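The values are calculated or read from the model by the stated rules, or taken from the named source; none is laboratory data. Since the model is a prediction, treat every value here as computed from it, not as a measurement. Counting neighbours? That spans all protein chains shown, and the Cβs are built from the backbone with ideal geometry, glycine included. SASA here: full protein model, heavy atoms, side chains in, ligands and nucleic acids out. Shrake-Rupley method; radii C 1.70, N 1.55, O 1.52, S 1.80 Å.
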Amino acid sequence: MAYADWDNNKQMPAEKAINTVLSRTHNGGIVLLHPTSKTNAEILGTLIDRWREMGYSFKTLDELPEL
């Protein structure tokens with residue numbers, strides 16, 4: 001899952017970004033957040049907390065089961 005976060009001149013407000021990412025979250029999803037985004041830096045802690053509250057956990061790609 002990715003959203004339009006790569007254009008540093010068109011960053012969406014933090015709350016809209018949180019809602020966008022959470023609305024696209026699903027079991028087994030892989031989320032791409034670009035490190036150049038100021039908004040992503042602002043929302044990452046909130047996203048991690050919300051995902052944990054929703055019962056999600058975090059794995060490295062090599063820890064994921066093979067499909």
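Structure notes:
- Efficiency of FRET from Cβ geometry, residue 60 and residue 16, R₀ 30 Å, rounded to 0.05: 0.55
- Surface share of carbon and sulfur [accessible, 1.4 angstrom probe, percent] for the chain: 54
- Accessible area per residue, Å², the chain with all protein chains present, probe 1.4 Å: 76
- Correct option for Cα extents along the principal axes in Å [calculated from the coordinates] among [x] 37, 28, 11; [y] 45, 22, 16; [z] 38, 22, 17: [z]
- Taken about its Cα centre, the chain carries a charge dipole of about 220 debye when Lys and Arg each add +1 at the Cβ and Asp and Glu each add -1 at the Cβ.
- Net +/- balance of residues flanking residue 56 in space, Cβ distance below 15 Å, scoring K and R +1, D and E -1: +1
- Contact order, relative form, for the chain: 37 percent (alpha carbon pairs under 8 Å, 6 or more residues apart, mean separation divided by residue count).
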